[in-house]
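Inspection log for the structure reproduced underneath, given as structure tokens.
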Amino acid sequence: RAKQAGRNRCHFFRRDMNEQAVRRLEMEAALREALDRQEAGCPGEDAPFELHYQPQVRLKPNCLYRVEALIRWTHPRWGAVSPAEFIPLAEECGLIDRLDSWVLQTSVAQLGRWRAAGIPVPGLAVNVSAVRFARGDLPDQVRAALATNGIPANDLTLEITERLMMTEEVGVHDALDALHALGVTLSIDDFGTGYSSLGYLKRYPVGELKIDRSFVKELDIDAANRPLVRAIIQIGEALGLTVVAEGVEREAQHRMLEAEGCAIGQGYLFARPMPAATLVDWLAGEGKHWNECPDEDC
Ligand code: C2E
Ligand code: MG
Ligand code: MG
Ligand code: MG
């Protein structure tokens, strides 16, 4: 009996694994097809991918700092698929280059259109997968996207993860240097969750740290988070880096971050990620008070 139960369990386990593997394969095929469609141009209303933009705001004085582009994928049957699920898959199955290229080109073009229409969006942040850096053409692609749309390199930030900073590949180092030489800001996303070595902060031309949401999440609930957040802000100050806190949801977190001297905040408290057209409405309405910035270098 026990043996049978064991075999059943084993069988069940295998079937479960199979389902996962099948879902993965299906998702890979769907992702590939969606990219083909998107790249073929003008997929119109039912475009598989869309970019949402989430404001990052300067806390003192209050003003819009920039917006972060975040990809959204809607599958005809599955509905919205989380980037936390399909980005890692795209990295594993070799589709991330195409995906991130589309995001870069589309978001920089969007910034160009906003500006041409007189809509004051001060800057753009784009997530770039570490895998994307392994291919050497990123700096050229960034340069071309900026030039085509008349965007100064200063207005573009690339958000990368600590994982990238730990690679010893010469190509990656060269790409980071080339992007820095262009004038693009390099930001370390999810700072504090990757590796404990901080040596890369002096080796590479990093300009910004984003405090991971996990530290901000319980800032006003669990006292242990405050010294961590304070330490990250101090690292930033000591090295002359801008510090951004992500995942700010409550006023209490906002006040603490401000008290600790954090320059920039991002989170549902200020605004959720939204489609380009909604951002324009937000800037004119609910987010109006973030527009008026007395300091000209905001
Ligand atoms: P991330 O770059 O750290 O982006 C922040 C994530 O936190 C976003 O999730 C955003 O919607 C969410 N968020 C913002 N404010 C709050 C808040 O107050 N509370 C909570 N609970 N969440 C908040 P999203 O859009 O699901 O993206 C997840 C991750 O997927 C991103 O994390 C990024 O690593 C990756 N990703 C998204 N778009 C792209 C892309 O175009 N290219 C690449 N390579 N990765 C992307
Ligand atoms: Mg990011
Ligand atoms: Mg982040
Ligand atoms: Mg994060």
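The values are calculated or read from the model by the stated rules, or taken from the named source; none is laboratory data. Just so it is clear, the model here is predicted, and its values are computed rather than measured. For the accessible areas, the whole protein counts, side chains as well, though only heavy atoms, and no ligand, DNA or RNA atoms are used. Shrake-Rupley method; radii C 1.70, N 1.55, O 1.52, S 1.80 Å.
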HN-Hα J in Hz across segment 248-254 - Karplus 6.51, -1.76, 1.60, θ = phi - 60°, x for Gly and Pro | 7, 10, 10, 4, 4, 5, 4
Can you give the relative contact order of the chain as a percent, counting alpha carbon pairs under 8 Å and 6+ residues apart?
-> 19
Taking amide H positions as placed 1.01 Å from N in the peptide plane, with prolines and chain starts having none, which residues 5 or more places from G123, or on another chain, fall under 5 Å of its amide H?
-> V67
Accessible carbon and sulfur surface of the chain relative to its total accessible area, %, 1.4 Å | 52
With x for Gly and Pro, the residue-by-residue ³J(HN,Hα) of segment 126-138, computed from phi through the Karplus equation 6.51 cos²θ - 1.76 cosθ + 1.60 at θ = phi - 60° and given in whole Hz, is 10, 7, 10, 5, 4, 4, 4, 5, 5, 8, x, 8, 4
Which distance in Å, rounded to a whole number, links the C-alpha centroids of segment 51-88 and segment 222-298?
-> 15
Restricting the count to DSSP beta bridges whose residues both fall in the chain, what percent are antiparallel, rounded to a multiple of 5?
-> 45
DSSP-defined antiparallel bridges as percent of all bridges, segment 44-175, nearest 5 = 65
Principal semi-axes in Å for the chain [√(5λ), Cα gyration tensor, largest first] | 33, 25, 21
With a probe of 1.4 Å, find how much accessible area the chain has per residue, and write the answer as a whole number in Å².
-> 51
Roughly what angle does helix 2-39 make with the longest principal axis of the chain, taking Cα atoms, 0 to 90 degrees, to the nearest 10?
-> 50
Taking the Cα atoms only, what angle lies between the long axis of helix 225-239 and the longest principal axis of the chain, rounded to 10 degrees?
-> 60
